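Note sheet for the following structure.
What follows is calculated from the coordinates using simple rules that are stated; it is not laboratory data. Here the structure is a predicted model, which means the values were calculated and not measured. Please note: Cβ atoms are built from the backbone with ideal geometry, for glycine as well, and neighbour counts cover all protein chains shown.
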Amino acid sequence: MREFDRYWPTVQIAAKFVVANRTQYALQVMGDLLQIVVMFFIWRAAYAQADTFGGLTQAEMISYLFVAQVFRLVVTHSVMEQQIAYWIRSGDIIRELVVPLVYMWKDLCHAIGWLGAVGGISGGLVYVTGLLFFDVRLPALSALPALLLSLLLAIVISFGISFIIGTLAFWSDGSIWGISNAKQVVMAFASGALIPLSLFPSWLRQVVDWLPFQAGVHIPTSIYLGHLHGATLWRALGVQALWAAGLLALANWFFHYSLRKVTIPGG
Amino acid sequence: MRSVVLYVDLLRMQLVARGQYRADFLTGVAASILQHMATLGTLWLIFAQVPALGGWNVAQAAVLYGFFSLTLGLTNFLASGLRDLPNMVRQGELDGFLVQPASAYVQLLPRINLNAISDVAVSLTVLLGAAQSAGVRWSLPVAAYALLAMVCGTAIFLGFLTAVYSLSFWTPYPGLMGGLEGLTQLARFPAGIYPRWLQVIITWVFPVAFTGHFPAAVLTGVEAVPWWTALAGLGLAAAALGAGAAMWRWGLSRYEGAGN
């Protein structure tokens, strides 16, 4: 409990910062929405020629499109790696290290607060638009506990990836703009946020199944749509838990290894 | 003419400054290539399911995508500085440009956008490759038309982005401009996938169909484009630039600086 009291303020600060800028985030999400609408028309034209694609009916595909985008917004944000890269570039990382908190946990709390608020605002707007105007279906009530657990694990997985990329700033004079962009792109595609993984050819599907990204969007979206039950559901959650633990361990090791390289601009 | 020289000088200065972070530049190029691969991959995965969308096959749609992202990339290369405008207006930094004996607009535009440079290179590759498999025959008139359409498309995007970012003079939310920029996405696919009313809008009102759809239709011959529609692109490009310039002037006349 004492631990909780020490870390909780970081979650609150991150969330409050976002909420203070809520209009900004709400307006920004128009871009994401437009992209989904364009994909909606693409699929509408495709479904005029067949009944199912990758095992999904038109209604399921539209739901997939919206829900996967919502989860992408809830699970990942480039600010996660840019925050730590900024500390490293400015030398302020030293201040973070003398704080009597484990830096990685503090950063995870920051990410949770940030994503909870940004994801809530942006993801919420996309979701409500989908529900009201595009007949996006609601999840089964019984799927909710697994869905929440899956989303939490997805956030941890995405955080682990971001933390590792942010830590690269120790090795690149603090600039990670390029690799951060690359990660966002690979994440969008390989997580199934742009197009369902069931449409991937089998060789590509095998590749992305062995990558952590699909555990970020594809698994929670599949749970939402009710595609995973019983043993397959437990297996999917297990895969997520393994990725989450593995990435956190790797991130922790990499951070401490890189710390030996730290140079602080003196003055 | 003086403006052009100044613009080129400013752009070169930016390029030298950015050359400092070479590794970041290279990963940025890789990211841009990945971005195009992801978009084309999505396109390819959809076309693996259906032979045609809106009457276009995969090679023809890729020509469209290549043309669209080439014009957008060129616009971003020429005018990346527009994205700094919201911040400059809020911080009052535009003052520095206004006291210089040259147009503030010309001073604002040139910012090296590494994404845009690789976007242009990758889009050009995609366009030429796709044109090859779509059976485009490059004769002198065809190449001349493509060049003209590229200039028009770039002008349409430049006018649009100038108008959008001029909103900085009214609103403190850069998110609005980022969101509105998303409207360019409507030009990424054949117009035939949209309902009739939306097709009319992206042809005549918000003429982004001229940045990809019509040029690709003419090049590949997938749709008959009446000559007067192709010609209208010129007028619409001029109108877009005019609208952008008007918004900029109007906004600038409201600018009051930020005090201290």
State, in angstrom, two size descriptors of the stretch B:98-166 derived from its alpha carbons: Rg to one decimal place and Dmax to the nearest whole number.
-> 16.5, 54
By count of other Cβ within 10 Å, fewest leading, how are A:Phe159, B:Phe169, A:Phe170 ordered?
-> B:Phe169, A:Phe170, A:Phe159
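Counting other C-beta atoms within 10 Å, and keeping those with at most 14, which DSSP coil trypsin sites (Lys or Arg not before Pro) do you find in the stretch A:199-267?
Numbers: sites: A:Arg205, A:Arg235, A:Arg260, A:Lys261; in loops: A:Arg260, A:Lys261.
Qualifying residues, ordered by number: A:Arg260, A:Lys261.
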With r defined as the distance between the Cβ atoms of A:Phe133 and B:Gln132 and R0 fixed at 30 Å, what FRET efficiency is calculated, to the nearest 0.05?
-> 0.15
If the chain between A:Lys261 and A:Thr232 were fully stretched, how many nm would it gain, using 0.36 nm times the residue separation less the Cα-Cα distance?
-> 6.1 nm
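Could you tell me what % of all Cα pairs in the stretch B:38-159 have separations over 21 Å? If you can, show how the numbers build up before the last one.
Values: 3805 of 7381 pairs.
Counting pairs separated by more than 21 Å, the tail of P(r) holds 52 percent.
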Towards the positive end of the charge dipole of the stretch B:2-254, with charges on Cβ (+1 Lys, Arg; -1 Asp, Glu), say which of B:Asn113, B:Gly235, B:Phe160 has the farthest Cα.
-> B:Gly235
Straight-line reach from A:Lys106: which lysines have Cα under 18 Å away, leaving out those fewer than 8 places along the same chain?
-> A:Lys16
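What percent does the relative contact order of chain B come to when contacts are Cα pairs within less than 8 Å and at least six residues apart?
Working: 316 pairs, mean separation 73.6, N = 260.
28 percent.
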Whole Å is fine, so just give me how far the alpha carbon centre of the stretch B:74-151 lies from that of the stretch A:149-202.
-> 28
Summing -39500 (n - 2.57) over every DSSP H run of at least 4 in chain B, dividing by its residue total and rounding to the nearest 500, the 222 nm mean residue ellipticity is -22500 deg cm²/dmol
What helices in chain B pass both tests, a Cα length along the helix axis of 20 Å or more and a mean Kyte hydropathy of 0.5 or higher, using whole DSSP H runs?
-> B:2-18, B:22-47, B:58-79, B:114-133, B:140-166, B:227-254
Any idea which of B:Leu98, B:Leu72, B:Phe169 is furthest toward the positive side of the dipole for the stretch B:2-254, if Lys and Arg beta-carbons carry +1 and Asp and Glu beta-carbons -1?
-> B:Leu98
Quick one: helix A:2-20 against the long Cα principal axis of chain A, what's the angle to the nearest 10°, folded into 0 to 90?
-> 60
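Which order results if B:Val225, A:Val75 are arranged by neighbouring Cβ count within 10 Å, fewest first?
Numbers: B:Val225 16, A:Val75 26.
Ascending Cβ contact count within 10 Å gives the list B:Val225, A:Val75.
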Least to most buried among B:Arg196, B:Arg249, A:Arg44, A:Arg72, by other C-beta atoms within 10 Å and fewest first, runs B:Arg196, B:Arg249, A:Arg44, A:Arg72
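For chain A, what is the calculated [θ] at 222 nm in deg cm²/dmol (nearest 500), taking -39500 (n - 2.57) for each run of four or more DSSP H residues and dividing by its residue count? The partial results should precede the final answer.
Details: 12 runs with 190 residues, N = 267.
That comes out to -23500 deg cm²/dmol.
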Within 10 Å of the Cβ of an average residue in B:50-60, the count of other chain Cβ atoms is 2
Three semi-axes of the equivalent ellipsoid, the stretch A:2-259, Cα gyration tensor, whole Å, largest first = 32, 20, 18
Note down the net charge around A:Ile36, summing +1 for each Lys or Arg and -1 for each Asp or Glu among other residues with Cβ under 14 Å from its Cβ.
-> +1
Once both labels are modelled 7 Å past Cα along the beta-carbon direction, what's the A:Val98-B:Phe97 spacing in nm?
-> 4.1
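Give, in nm to one decimal, the length gained when the segment between B:Leu140 and B:Arg2 is fully stretched (0.36 nm per residue of separation minus the Cα-Cα distance). It would help to have the intermediate numbers written out before the result.
Values: separation 138, 0.36 × 138 = 49.68 nm, distance 3.25 nm.
Going from the current span to full extension adds 46.4 nm.
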Starting from the stretch B:160-258, pick out the GluC sites (Glu not before Pro) whose DSSP state is loop and whose Cβ has at most 14 other Cβ atoms within 10 Å.
-> B:Glu256
Once normalised by the length of the stretch A:2-259, the mean sequence separation of its alpha carbon contacts under 8 Å that are 6 or more apart gives a contact order in percent of 28
Total formal charge among the other residues, if their Cβ is under 12 angstrom from that of A:Ala251, Lys/Arg +1 and Asp/Glu -1 | -2
Expressed as a whole percent, how much of the Cα-Cα distance distribution for the protein assembly as shown exceeds 34 Å?
-> 42
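Which loop chymotrypsin sites (Phe, Trp or Tyr not before Pro) in the stretch A:188-267, with loop taken from DSSP, have no more than 15 other Cβ atoms within 10 angstrom of their Cβ? Don't skip to the answer; put the middle values down first.
Working: sites: A:Phe189, A:Trp203, A:Trp210, A:Phe213, A:Tyr224, A:Trp234, A:Trp243, A:Trp253, A:Phe254, A:Phe255, A:Tyr257; in loops: A:Trp210.
In loop regions of the stretch A:188-267 (DSSP not H, G, I, E or B), the sparsely surrounded chymotrypsin sites (Phe, Trp or Tyr not before Pro) are A:Trp210.
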Taking N as the residue count of chain B, its alpha carbon Rg divided by 2.2 N^0.38 Å gives 1.06
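Over all residues in A:193-203, what is the mean tally of Cβ atoms on other chains that come within 10 Å of each residue's Cβ? Walk me through the numbers on the way to the answer.
Details: counts 0, 5, 7, 1, 1, 0, 5, 3, 3, 0, 0.
Neighbouring Cβ atoms belonging to other protein chains average 2 per residue here.
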